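The values are calculated or read from the model by the stated rules, or taken from the named source; none is laboratory data. Just so we're clear, the structure is a prediction, and the values are computed from it rather than from any experiment. When we count neighbours, we look across all protein chains shown, and the Cβ atoms used for this are built from the backbone with ideal geometry, even at glycine.
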Amino acid sequence: MIIHTSSSKSTEPLTGDCGNILMVIPARGGSKRLPRKNLLSLGGQPLIVWTIEVALAVGFDARILVTSDDEEILKVAKDYEQQGIVIHKRPKALATDTASTSDVLVDAIKTECREGYPPDTLILLQPTSPLRDVSDILSAIKVFKENRCGDTVVSVCRVDHPTAWIGVIGDRLQFTGVELSGKRSQDYADEYRLNGAVYVADVARLMSSGTLFSTRLRASIMPRERSFDIDDAIDFRICEGLIGG
């Protein structure tokens, strides 16, 4: 089983220029491809708990907010209130398939401001990325601090194969759009994709633009083995195998 560990060194120098930090864990109750996935047992505990515990293990002097429309999810999060987890029941309008993550984050930020905790920096941790660890969050914060210009930091991992080998299938199974140069995979430059595990954003920019993503992004690289984003039952079974659950 994967153990989330934090550095024994203080994180204050790392976060000193970030102001007030808000870590948001968004977890709605509905899911079409994998029903109730945020509550499914992974390694003996609900999926969302993996993200709650790694957020706590980071050791930041930060607010950690779980936002959900689902009472059962909020009940799980409530068990961690004594450790600093804040729970927020989001409006039903922000729990639909069409509600954007940015809208959910804006709602969370406004809620914190009303409570007297206006944040400067936001860290988004989606509960569908249970294999991320403390070092992944610290790395993203380091990139954000070192490039303090309002750009959103996104966690990424290297892709398995060159995107030049990706195409579309049309009528009569025609496969088009691929590069047929005959080059080997190692002949291509390394390419990376979003993995959904960690996002770090400037709150003022997010609130003014209404979107999580800045025009220019900064990358925090994670290993592929910690980059699984659970979307369906196959993803879930792979994560179970990786943690020995």
Scan of the stretch 217-234 for residues that are under 16 Å from the mean Cα position of the chain (by Cα) and either part of a loop (DSSP other than H, G, I, E, B) or hydrophobic (A, V, I, L, M, F, W, C) (or both), ordered by number | 217, 219, 221, 222, 223, 227, 228, 229, 230, 231
Can you pull out the residues in the stretch 78-94 that are hydrophobic (A, V, I, L, M, F, W, C) and touching a residue at least 12 places away in the same chain (Cβ under 8 Å)?
-> 85, 86, 87, 94
Just a yes or no: is a residue in the stretch 56-63 assigned to a helix (DSSP H, G or I), under 26 Å from residue 142 (Cβ atoms) and in contact (Cβ under 8 Å) with a residue 60 or more places away in the chain?
-> yes
Just give me the residues in the stretch 84-135 being within 20 Å of residue 214 (Cβ to Cβ), of a type outside the set (Gly, Ala, Ser), within 16 Å of the chain's Cα centre (by Cα) and in a loop (DSSP other than H, G, I, E, B), in sequence order.
-> 125, 126
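Does residue 156 qualify as being of a type in the set (A, V, I, L, M, F, W, C) and in contact with a Lys or Arg (Cβ under 7 Å, 6 or more places away or on another chain)?
So residue 156 passes the test.
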Somewhere in the stretch 55-69, is a residue surrounded by 14 or more Cβ atoms within 10 Å (Cβ to Cβ), on the phi > 0 side of the Ramachandran plot and touching a helix residue (DSSP H, G or I) at 6+ places or on another chain (Cβ under 9 Å)?
-> yes
Taking only pairs six or more apart or across chains, which ones have beta-carbon atoms under 8 Å, a first residue in the stretch 136-147 that is assigned to a helix (DSSP H, G or I) and buried (at least 17 other Cβ atoms within 10 Å of the Cβ), and a second residue that is among the basic types (Lys, Arg) and modelled with pLDDT of 95 or more?
-> 136/226; 143/218; 144/218
In the stretch 185-211, what count of residues is obtained for those that are part of a loop (DSSP other than H, G, I, E, B) and surrounded by 13 or more Cβ atoms within 10 Å (Cβ to Cβ)?
-> 3
Within the bounds of the stretch 41-63, is there any residue that is at pLDDT 95 or above, within 24 Å of residue 103 (Cβ to Cβ) and touching a His at 6+ places or on another chain (Cβ under 9 Å)?
-> no
Sole residue being part of a loop (DSSP other than H, G, I, E, B), of a type in the set (Gly, Ala, Ser) and surrounded by 11 or more Cβ atoms within 10 Å (Cβ to Cβ), chosen from 214, 181 | 214
Could you tell me whether the stretch 190-207 includes any residue that is without any contact (Cβ under 8 Å) to a residue 12 or more places away in the chain, more than 20 Å from the chain's Cα centre (by Cα) and farther than 12 Å from residue 152 by Cα?
-> no
How many of the residues making up the stretch 70-121 are crowded, with 18+ Cβ neighbours inside 10 Å, at pLDDT below 95 and among the small types (Gly, Ala, Ser)?
-> 2
